[in-house]
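A short write-up of the structure that comes next.
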Protein chains: 4
Amino acid sequence: MIKAGIVGVTGYTGIELFRLLNQHSEVNVTHCFSRNKSISDFNDVYPFVESGSVELMSFDPSIDYPIDVLFLATPHAQSHNWMKDLVNHKYKIIDLSADFRIPELSFNTFYGCDHGYPEGIGKFVRGFSEIYREQLKNADYCANPGCFSTSVVLGAYPLSKTETGCVNMLVDAKSGVSGKGKKVDESSLYCEVNESTMAYGTFCHRHTPEMELELNCPVLFSPHLVPMNRGILASIYCDNPLGMTQDELSDIYEDTYKDESFVRVVGPESPIKTHYVTGTNNCFIKPMIIKNKIVIFSVLDNVIKGASGQAIQNMNIMYGLNETLGLSQLPIFP
Amino acid sequence: MIKAGIVGVTGYTGIELFRLLNQHSEVNVTHCFSRNKSISDFNDVYPFVESGSVELMSFDPSIDYPIDVLFLATPHAQSHNWMKDLVNHKYKIIDLSADFRIPELSFNTFYGCDHGYPEGIGKFVRGFSEIYREQLKNADYCANPGCFSTSVVLGAYPLSKTETGCVNMLVDAKSGVSGKGKKVDESSLYCEVNESTMAYGTFCHRHTPEMELELNCPVLFSPHLVPMNRGILASIYCDNPLGMTQDELSDIYEDTYKDESFVRVVGPESPIKTHYVTGTNNCFIKPMIIKNKIVIFSVLDNVIKGASGQAIQNMNIMYGLNETLGLSQLPIFP
Amino acid sequence: MIKAGIVGVTGYTGIELFRLLNQHSEVNVTHCFSRNKSISDFNDVYPFVESGSVELMSFDPSIDYPIDVLFLATPHAQSHNWMKDLVNHKYKIIDLSADFRIPELSFNTFYGCDHGYPEGIGKFVRGFSEIYREQLKNADYCANPGCFSTSVVLGAYPLSKTETGCVNMLVDAKSGVSGKGKKVDESSLYCEVNESTMAYGTFCHRHTPEMELELNCPVLFSPHLVPMNRGILASIYCDNPLGMTQDELSDIYEDTYKDESFVRVVGPESPIKTHYVTGTNNCFIKPMIIKNKIVIFSVLDNVIKGASGQAIQNMNIMYGLNETLGLSQLPIFP
Amino acid sequence: MIKAGIVGVTGYTGIELFRLLNQHSEVNVTHCFSRNKSISDFNDVYPFVESGSVELMSFDPSIDYPIDVLFLATPHAQSHNWMKDLVNHKYKIIDLSADFRIPELSFNTFYGCDHGYPEGIGKFVRGFSEIYREQLKNADYCANPGCFSTSVVLGAYPLSKTETGCVNMLVDAKSGVSGKGKKVDESSLYCEVNESTMAYGTFCHRHTPEMELELNCPVLFSPHLVPMNRGILASIYCDNPLGMTQDELSDIYEDTYKDESFVRVVGPESPIKTHYVTGTNNCFIKPMIIKNKIVIFSVLDNVIKGASGQAIQNMNIMYGLNETLGLSQLPIFP
């Protein structure tokens, strides 16, 4: 059995890792870390965990814990200061934060501080499972992608590999509120979010450099917040300079993803909504040609394929396990 | 025109006062106070107010502002320390907080501090408009009731006046989230509240002494939080020791409220839900005899009839105005 | 007093007309029509209307009802068959349905039937109040715009009047569920909509020809459904061929709308969400230049400025009344 | 492997059976039945099922399908007409509808028709897994309980076995909307339910006779609808004639459920909300003594422990399998 540790287990992605790994046949979560000193018992936060059954510890990056893999489900701009210590230990690391996803300069700009261990960035394989599967197989360190990035990159990747790439790409994305994490902030109060849709971070969201890196093109990224717990729907709009037909586009997408367990390409007549993937590690993609534009809708569950589920998928790859272990649930509906 | 000041104008009841008074033909809101030092412009909080159009000031109870009436839309346990200064000024005061609603001893117990001006409690008329209308006509100070208290007291008051009063009264109430106010707290985050119903404060909620005072009987009060912005549905269950019939019960209720503008008694076959009162100062009451129990459902909008609307109704009474001024909206639906 | 009739009063736009006109100082709703034979009493549908207080009648277009203005809050493809009769009566007509908004050919294509009175289309003034105010002043017939169309046209109109117009315009819109109306359909059930965001009708939505007609350019319109009752947020993306600056763009917008009561232009740093307009006839517009794209966010309440509120605004114009009569509410929040 | 059939697979409990059995190591769903003739492909309803991968058949009770167990996830008042045919086949039957839960007379009264096979009622073991485990071990037929009944019976069962039983029992229950099923009805539209709480069926709900049968006492049952997809919170209030202490009450509950996998008794200080059980087969129960009343809160996921999950638990018992097979998920949060 693989022994796993989770740092930040009381956050939304941390608890989701805990929940999903609980159903994984090859993993035991043996170490749970939380910096929240007011929480003495995991049961106080998540009562479905029996009181006293899970010990919460403070994480110390200098300690070589007896684990095989460490998941960092921490806020951004934290692990970059830990990494120079962490590289001294022998366990694999999957970092769900942004700290090792993008080049030093982009990090410094978008996260407002100097990267504490820039030489470490190159040690991390970028964790888009479907794209970097081969590199992940031998990796010790994985920088798990952002939720928006995953939806957009999976949605546009096949197009990005065509002759023209993604031309004049504009993405209008809609996310549920769990994407904001559990930070206590007035703007996340129930009454501030419920019954309202908001635009924010237009063309300057932090996930943009990660998308542009993967897709090798500029991305005009316009995120929105909608009143639901989970789910991202990314609406991707591109030009069609070569006059590609629907059949050609569909073929490219089906061909790219035909062997994938978690990516499903649907036809231009299929409805598409986030319900179809809630509670799963799936990403549904609907590529269309309409009025000579290329339109691609991509939906996923931001907490699973957009975070903790993809982290486990990456762990499965890094350990040579069947990629679907712990991740075979059907969507929960309603 | 009556010149009004609002302390705590950036909270949920404060902004609702501002909104409703904006439609009141006899009132101008001339003074807006907020203790939130990070807010320099009301527009930053409520963008529907034009930037710069409303000046936000710090409130100082020792200052005699040139206003006629002051609304205190402050958190609990604040105005009790201001009142010894405030009585020196000539303006009328309507306190939406709990500080002058209940006897000193109850206040100290339920709000965890010593009352700063216990001799002032008797100066306040309790602001159940339908019950204390006569006393309010000559009042300078009004202690506006709690939202739960209003729904329960209006629902049970006619029964409380019968020979037996309310016998073995048990109230199971369901409230929307705005009742928690705008306090930034993990338990009020969207994802913590959405898609869940919670029981809390069973038989020990702070509004209980106010209900017991008005109804003159013990009240077993069991509140619940449901995922919606506004609305309270109070389900009131009592014994029927004298075997009252439906007709007798209905008559008592209709008789009590027949001249009221804001209380509507509906028949035992009518459906009842909070939608019917959203956005209004109305309270719908459905008294029933079933299986020899007395069951009364009472619904209101917690921010209006449960707070700011009733405060304006009380102001109208205190000034001898038509009680419905500023409060004649039909419910917003959907 | 103006005597008004409402056809389809039990639908979502019908009841909103009823609600808003109830606060209008110059209008009495004297005739309420519903084709729903199962409803004998308006109180059965909207219990806040007292039982028996409003008579519901069947509408007969051949009858000359003693009213001054008739609001048609009917489903699409209904009034086009009535109009040949209705023109014989002397009352003004404001049609909230699509039947007289667009040219015959577009109607036939998008609504799947032959228009029953194509010669009538030209008699209707298109009811974008801010654009056709002069024409409306003398109009007998008004074709009230669609909710999406209003948000998009108000958002893009100032740009459409510039030298280049709207270049490569793409609109990604998000709507609350009341926009679907009260039609009983599996896809509108609570559990089918709640906790999910959906894309639909991409580049082929029925409101598109109305937008293109007003803006005089092709519109790639991509609507989405989000889980909330009310509100539309339209995200409008255009090219910036002449390199317009933020100041130039802001000036154009502020100049266009500087005298408008219901349109507010906000700065590029202002947050924007549908909350800001819920319960009002307002439209907030945020024009931005970012990365050399023109981005415009437009928010409104689809039931008010997107339907019934604009209908009343148009009626006010048609009768030479102050445009804000009955429509001066501040937004309801939370 | 056990071969299972599901009748009514496109409804909310049917799809949940399909979803949960998909993760069950000992079961294959080999037959899916739907009476909905407009659905030709399961993928049209539930796109997460690949198109063509599941054949939907019409169900004919006279056919002896090659299955081991049949789940009836049908509307009420349907299977009672099928049972005289079904008893001729050799497969086990778990009926999630109400048809064989209660005595003939109660069925006729509450479901408005004559029971088509009253002699069959006695053949069914009532499917409260924790109470009828022994009887279920040898059962061929199981009448799976109602969702409200499960929450109330599990919550009150330990008390019902004490010397006095449940005295003056009153239950105020709050349910999410999926409990209404997928029936297309105006009252279930998103805008009719969202942002509102409703009382209905007070003291006359169909699940009452089932509760009274199990608990052997009258139950005053008062249900409410709250705006969320899943979850029931039942608030149970009883007298405490013998002056039982909190410790005594807690002991009785802990003793009753100490060996149960799915029932968790929590202490009087623990918070309780439906979140804690969403997506699981768990029932959390919080028994309290307050002000000399016995108060018990019981929460469960109505679609799982209240329907499909308990049906699978019962199947596991009927086949001598580990009771938790297919049901070991932790709650999904947020």
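The values are calculated or read from the model by the stated rules, or taken from the named source; none is laboratory data. Just so you know, these numbers come straight off a predicted model, no measurement behind them. Don't worry about glycine lacking a Cβ; one is built from the backbone with ideal geometry, like all the others, and counts go over all protein chains shown. These accessible areas exclude ligands, DNA and RNA; they are computed on the full protein's heavy atoms, side chains included. Shrake-Rupley method; radii C 1.70, N 1.55, O 1.52, S 1.80 Å.
Which residues, taken from the range D:107-126, are open to solvent by less than 30 Å² (accessible area, probe 1.4 Å), under 15 Å from D:GLY146 (Cα atoms) and out of contact with any strand residue (DSSP E or B) (no Cβ under 9 Å at 6 or more places or on another chain)?
If the condition is that a residue be open to solvent by less than 30 Å² (accessible area, probe 1.4 Å), under 15 Å from D:GLY146 (Cα atoms) and out of contact with any strand residue (DSSP E or B) (no Cβ under 9 Å at 6 or more places or on another chain), then D:PHE107, D:TYR111 are the ones that fit.
Scanning for something away from chain A (no Cβ under 14 Å) and of a type in the set (A, V, I, L, M, F, W, C), does the range D:110-118 turn up at least one residue?
For the range D:110-118, residues away from chain A (no Cβ under 14 Å) and of a type in the set (A, V, I, L, M, F, W, C): present.
Checking B:PRO218 against (1) surrounded by fewer than 22 Cβ atoms within 10 Å (Cβ to Cβ); (2) facing chain D (nearest Cβ under 10 Å); (3) touching a strand residue (DSSP E or B) at 6+ places or on another chain (Cβ under 9 Å), only one condition comes out false. Which one?
It fails just one condition, (3).
Would you check which residues across the range B:223-265 are of a type in the set (A, V, I, L, M, F, W, C), within 19 Å of B:GLY176 (Cβ to Cβ) and not in a loop (DSSP other than H, G, I, E, B) and list them?
Within the range B:223-265, B:LEU225, B:ILE232, B:LEU233, B:ALA234, B:ILE236 qualify.
Search the range C:194-212 for residues being assigned to a loop (DSSP other than H, G, I, E, B) and more than 12 Å from chain A (Cβ to nearest Cβ), and hand back the single one that is farthest from C:ARG230 (Cα to Cα).
C:ARG206
I'd like the residue in the range A:176-186 that is more than 9 Å from chain C (Cβ to nearest Cβ) and either in a strand (DSSP E or B) or touching a strand residue (DSSP E or B) at 6+ places or on another chain (Cβ under 9 Å) (or both) and, out of all such residues, is least open to solvent (accessible area, probe 1.4 Å).
A:VAL177
Residues in the range D:288-296: is at least one surrounded by 17 or more Cβ atoms within 10 Å (Cβ to Cβ), in contact with an Asp or Glu (Cβ under 9 Å, 6 or more places away or on another chain) and polar (S, T, N, Q)?
The answer is no; no qualifying residue exists.
For the subset of the range B:78-100 comprising residues that are closer than 22 Å to B:LEU213 by Cβ and touching a Ser or Thr at 6+ places or on another chain (Cβ under 8 Å), which member is most open to solvent (accessible area, probe 1.4 Å)?
B:GLN78
Is it the case that some residue within the range C:295-302 is of a type in the set (D, E, K, R) and under 30 Å from A:SER188 (Cβ atoms)?
yes
All but one of (1) in contact with a Phe, Trp or Tyr (Cβ under 6 Å, 6 or more places away or on another chain); (2) on the phi > 0 side of the Ramachandran plot hold for C:GLY243; state the number of the condition that does not hold.
The one condition C:GLY243 does not meet is (1).
D:SER187 passes all but one of (1) under 20 Å from the mean Cα position of the chain (by Cα); (2) of a type in the set (S, T, N, Q); (3) under 30 Å from C:VAL226 (Cβ atoms); which number fails?
Against the list (1) under 20 Å from the mean Cα position of the chain (by Cα); (2) of a type in the set (S, T, N, Q); (3) under 30 Å from C:VAL226 (Cβ atoms), D:SER187 comes up short only on (1).
Got at least one residue in the range B:162-174 being out of contact with any His (no Cβ under 9 Å at 6 or more places or on another chain), farther than 22 Å from D:ALA173 by Cα and surrounded by 22 or more Cβ atoms within 10 Å (Cβ to Cβ)?
Yes, the range B:162-174 has at least one match.
Does any residue of the range A:3-20 turn out to be on the phi > 0 side of the Ramachandran plot and either more than 11 Å from chain D (Cβ to nearest Cβ) or in a loop (DSSP other than H, G, I, E, B) (or both)?
Yes, the conditions are met somewhere in the range A:3-20.
Kindly evaluate A:LYS305 against the criterion of being in a strand (DSSP E or B) and not small (Gly, Ala, Ser).
no
Tell me which residues, restricted to the range C:91-117, are outside any loop (DSSP other than H, G, I, E, B) and touching a Leu at 6+ places or on another chain (Cβ under 9 Å).
The answer is C:LYS92, C:ILE93, C:ILE94, C:ASP95, C:SER106.
Which residue pairs have Cβ atoms under 6 Å apart, sit 6 or more places apart or on different chains, and have a first residue in the range A:259-287 that is without any contact (Cβ under 8 Å) to a residue 24 or more places away in the chain and a second that is in a strand (DSSP E or B) and among the β-branched types (Val, Ile, Thr)?
A:VAL265/A:ILE285; A:PHE284/A:VAL299; A:LYS286/A:ILE272
In this structure, does D:ALA173 turn out to be part of a strand (DSSP E or B) and not basic (Lys, Arg)?
yes
For the range C:13-53, give me the residue count where each residue is surrounded by 18 or more Cβ atoms within 10 Å (Cβ to Cβ) and either under 23 Å from the mean Cα position of the chain (by Cα) or among the β-branched types (Val, Ile, Thr) (or both).
Qualifying residue count for the region: 19.
For the range A:126-142, which residues satisfy the criterion of being of a type outside the set (Gly, Ala, Ser) and in contact with an Asp or Glu (Cβ under 9 Å, 6 or more places away or on another chain)?
A:ARG126, A:PHE128, A:GLU130, A:ILE131, A:ARG133, A:TYR141, A:CYS142
Out of the range A:76-90, which residues are outside any helix (DSSP H, G or I), under 20 Å from A:PRO145 (Cα atoms) and touching an Asp or Glu at 6+ places or on another chain (Cβ under 8 Å)?
The answer is A:HIS76, A:ALA77, A:GLN78.
Which residue out of B:GLU163, B:GLU130 is acidic (Asp, Glu), in a loop (DSSP other than H, G, I, E, B) and within 23 Å of B:ILE232 (Cα to Cα)?
B:GLU130
Is it true that D:VAL226 is touching a strand residue (DSSP E or B) at 6+ places or on another chain (Cβ under 6 Å) and either within 12 Å of another protein chain (Cβ to nearest Cβ) or closer than 30 Å to A:ASN194 by Cβ (or both)?
When the stated conditions are applied, D:VAL226 passes them.
If I go through the range B:235-279 residue by residue, how many of them are within 11 Å of chain D (Cβ to nearest Cβ), open to solvent by less than 30 Å² (accessible area, probe 1.4 Å) and either of a type in the set (Gly, Ala, Ser) or in contact with a helix residue (DSSP H, G or I) (Cβ under 6 Å, 6 or more places away or on another chain) (or both)?
The total comes to 3.
State the number of residues belonging to the range A:271-296 that are part of a strand (DSSP E or B) and over 12 Å from A:GLY231 (Cβ atoms).
Going through the range A:271-296 one residue at a time, the tally reaches 10.
Kindly indicate which of C:PHE48, C:PHE42, C:PHE33, C:PHE59 is free of Cβ contacts under 8 Å to residues at least 60 places away in the same chain and more than 30 Å from B:PHE262 (Cβ to Cβ).
Checking each option against the conditions leaves just C:PHE59.
Go through the range D:229-252 residue by residue and tally those that are more than 21 Å from D:PRO331 (Cβ to Cβ), in contact (Cβ under 8 Å) with a residue 40 or more places away in the chain and either of a type in the set (A, V, I, L, M) or in contact with a strand residue (DSSP E or B) (Cβ under 8 Å, 6 or more places away or on another chain) (or both).
Of the residues in the range D:229-252, 11 are more than 21 Å from D:PRO331 (Cβ to Cβ), in contact (Cβ under 8 Å) with a residue 40 or more places away in the chain and either of a type in the set (A, V, I, L, M) or in contact with a strand residue (DSSP E or B) (Cβ under 8 Å, 6 or more places away or on another chain) (or both).
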